[in-house]
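Data first, discussion second: the structure below is written as structure tokens.
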Amino acid sequence: MDILDGCIMEILLISPPVFDFYSTSHRMEPLGLQYIKEALLNFGHRVELYDSTASGKVKHKKMPNELEYLLKYYEEDTSPFSLHSGYKRFGDSFSRIIKFINDGNFDIIGISSLFSAYHPDVEDLVKEIKKYSKIPVIIGGTAVTAQKEVLFENSSADFMISGCGTESMPLFADFIAGKLDIEKVPGLIYRKNGNILSNAPSTEPAWSKDIIPERDNLRIFRKKKIAKTVLSSGCRNRCSFCSIHRDNKFALREITHIRKEFEYLKNIGTEIIDIEDDDIFSDPHFTEEVLKLLKEFHGSGIQFTAMNGLTAKNILPIADGLIEAGFLKLDLSLVTSSEKAISGMKRPHDLITIEKIVEVVKTRIEVEVFLIPGLPGTTLENTLETMIHLNKLKIKCGLSPLYLVPGVPMFESMGIPENLRLCRGSALYPFDSPERSNIASLLKISRFLNYSLTSASDPDFEENRNYFLKSLERKKWYKRTKTGEWTDSFEFTGDFSGIKM
């Protein structure tokens with residue numbers, strides 16, 4: 001088509017597949033691209049969103065050389081303290097994506113890159129696209145915002161874009177159509193006269209234009225249809241390991257607009273709404289209004305989660321209200337209980353507040369507390385102590401291995417790997433040595449502790465418990481084969497003798 005004819009563009013937005021040892025499928029909805037799609041449609045463009053992970057396809061893939069040291073940790077194991085096994089592609093293949101491109105008639109291809117650790121895989125996809133197509137390719141997302149020109153210097157993409165895409169992408173389409181100067185596209189990173197240049201990004205939240213994005217592929221969580229939403233942007237906290245407060249101003253959506261989105265989600269069959277805010281319930285007046293809304297929609301059958309993590313000090317005064325509003329579970333973000341680490345990270349959270357929440361809610365709602373081992377000031381001993389304490393309180397512990405975020409001073413001082421794949425949580429950033437054995441062991445311990453809370457009546461619980469404890473005693477893990485035989489796995493050096501079960 002002639003792209004100048006009415007300046008209506010055919011635009012393809014791609015949410016790429018994920019390459020890793022594990023993935024959380026119900027959290028993979030590409031909400032940011034859905035907002036961008038809606039913004040482009042409002043400008044009269046024709047837009048396709050290719051959600052690579054919506055198919056649910058999983059395929060074992062050859063592990064990149066730089067991750068081969070992880071083979072001994074992510075191995076086949078049927079025990080309840082196993083880790084995930086095998087490096088996989090979650091989502092459609094590159095060849096399938098390229099076929100979709102070739103079958104269409106697109107003028108622009110936009111690809112999201114949300115995490116620095118997975119950006120090399122996005123670049124691999126772009127390289128493949130460029131073998132078969134001359135369509136301009138632009139990459140955007142938080143990985144680009146984190147490193148901007150550094151990423152673009154070695155990229156195969158024609159452009160990159162940082163900041164809010166709902167404002168920038170329609171203007172980028174105008175630039176491609178010849179209607180707008182390149183300097184007028186917010187956040188655009190481009191080459192001009194041999195130099196890499198970048199425009200100041202838009203800082204408006206995706207929802208600032210009162211957009212309600214259409215959802216095409218609802219995920220499933222606990223056998224129910226789930227959809228993401230955001231009620232606010234940014235964060236009032238200033239935790240030193242986080243980039244949210246740096247890249248996003250704190251702002252709240254209008255309640256009337258949130259109501260419209262909830263109505264839409266209910267009408268398309270959504271059963272659970274996952275609120276992905278970074279600092280939800282920090283504003284008392286807004287919280288009061290939101291709780292009224294949640295209770296109203298819970299009355300029509302909707303349930304709620306906040307899997308991105310809730311701030312305990314925000315939750316304590318409203319814990320009963322969240323139960324009444326239909327929250328399925330409380331995902332509380334503790335990160336660490338070490339006072340030294342909390343002080344060093346400027347983190348306004350503590351274990352005492354979580355204990356008070358547990359006392360309030362009793363057993364009426366599931367509670368899971370998330371820790372990030374490996375941050376400065378955290379230790380193996382303190383992390384293990386916290387895990388055991390949570391287990392005694394009958395609380396699940398979600399252990400999130402440390403992932404390194406480029407551009408955040410704390411992580412830059414720790415050293416960002418040149419190969420971004422090593423920034424991922426599954427790379428097991430170590431407390432002690434390049435072997436990563438102790439952090440892998442903490443993960444195995446957390447899995448067994450959580451298993452003990454739900455499965456103590458299983459007929460094979462005692463056998464599993466015995467091999468778990470024997471592993472800790474000899475500092476060498478057992479693993480169980482598919483035939484039920486227990487064999488040796490990897491060794492570790494940490495002292496985990498504090499676990500008595």
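Per the conditions (1) surrounded by fewer than 18 Cβ atoms within 10 Å (Cβ to Cβ); (2) not in a loop (DSSP other than H, G, I, E, B), the sole criterion not satisfied by E435 is (2). For the stretch 280-288, check the following and say yes or no: at least one residue is touching a strand residue (DSSP E or B) at 6+ places or on another chain (Cβ under 7 Å) and within 20 Å of R27 (Cα to Cα). Yes; the residues of the stretch 280-288 include at least one that is touching a strand residue (DSSP E or B) at 6+ places or on another chain (Cβ under 7 Å) and within 20 Å of R27 (Cα to Cα). Residues in the stretch 380-425 that are surrounded by fewer than 21 Cβ atoms within 10 Å (Cβ to Cβ), in contact with a strand residue (DSSP E or B) (Cβ under 6 Å, 6 or more places away or on another chain) and either over 30 Å from T454 (Cα atoms) or in contact (Cβ under 8 Å) with a residue 60 or more places away in the chain (or both): G398 alone.
Across the stretch 40-55, not a single residue is classified as surrounded by fewer than 20 Cβ atoms within 10 Å (Cβ to Cβ), β-branched (V, I, T) and either out of contact with any Pro (no Cβ under 9 Å at 6 or more places or on another chain) or closer than 27 Å to N438 by Cβ (or both). Every condition in (1) at pLDDT 95 or above; (2) crowded, with 18+ Cβ neighbours inside 10 Å; (3) outside any helix (DSSP H, G or I) holds for G301 except the one numbered (2).
Among the residues making up the stretch 104-116, those that are of a type in the set (A, V, I, L, M) and buried (at least 23 other Cβ atoms within 10 Å of the Cβ) are I108, I109, I111. Name, by its number, the condition in (1) modelled with pLDDT of 95 or more; (2) in the same structural domain as L334 (by TED's automatic domain parsing); (3) of a type outside the set (K, R); (4) outside any helix (DSSP H, G or I) that does not hold for Y190. Checking Y190 against (1) modelled with pLDDT of 95 or more; (2) in the same structural domain as L334 (by TED's automatic domain parsing); (3) of a type outside the set (K, R); (4) outside any helix (DSSP H, G or I), the one that fails is (2).
Restricted to the stretch 1-15, and to residues there that are aliphatic (A, V, I, L, M) and assigned to a loop (DSSP other than H, G, I, E, B), the residue that is modelled with the lowest pLDDT is M1. The single residue among I315, I280 that is of a type in the set (V, I, T), modelled with pLDDT under 95 and either part of a helix (DSSP H, G or I) or not assigned by TED's automatic domain parsing to the domain that holds R236 (or both) turns out to be I315. Do we have R364 as in contact with a Pro (Cβ under 7 Å, 6 or more places away or on another chain), more than 19 Å from V335 (Cβ to Cβ), touching a residue at least 40 places away in the same chain (Cβ under 8 Å) and of a type outside the set (A, V, I, L, M) here? Answer is no for this residue. If you filter the stretch 438-471 down to residues that are of a type in the set (D, E, K, R) and touching a residue at least 60 places away in the same chain (Cβ under 8 Å), you find that the one that is surrounded by the most Cβ atoms within 10 Å (Cβ to Cβ) is K444. Those strands (runs of 3 or more DSSP E) of the stretch 16-63 in which 3 or more residues are more than 24 Å from T229 (Cβ to Cβ) occupy 58-60. S79 fulfils the conditions (1) small (G, A, S); (2) surrounded by fewer than 19 Cβ atoms within 10 Å (Cβ to Cβ); (3) closer than 26 Å to K444 by Cβ except for a single criterion, (2). Pairs are defined by a Cβ separation below 6 Å, a sequence spacing of at least 6 or placement on different chains, a first member in the stretch 102-127 that is under 23 Å from L402 (Cα atoms), and a second member that is among the aromatic types (F, W, Y); the pairs so defined are D121/F19.
If I ask for residues that are among the polar types (S, T, N, Q) and either assigned by TED's automatic domain parsing to the domain that holds E38 or touching a Gly at 6+ places or on another chain (Cβ under 7 Å) (or both), which ones from the stretch 199-216 would you list? Walk me through how you get there before you give the answer.
First pass over the stretch 199-216, keeping only residues among the polar types (S, T, N, Q): 199, 202-203, 208.
Passing the criteria: N199, S202, T203.
Take the conditions out of contact with any Leu (no Cβ under 9 Å at 6 or more places or on another chain) and not in a loop (DSSP other than H, G, I, E, B) and apply them to N466. Does it pass? So N466 passes the test. Hey, does the stretch 168-182 have a residue that's in contact (Cβ under 8 Å) with a residue 12 or more places away in the chain, charged (D, E, K, R), part of a loop (DSSP other than H, G, I, E, B) and over 28 Å from K134 (Cβ atoms)? No - not one qualifying residue is present in the stretch 168-182.
The values are calculated or read from the model by the stated rules, or taken from the named source; none is laboratory data. Computed from a predicted model, the values in this text were never measured in an experiment. In this analysis, Cβ positions are derived from the backbone assuming ideal geometry, glycine residues included, and neighbour counts consider all displayed protein chains.
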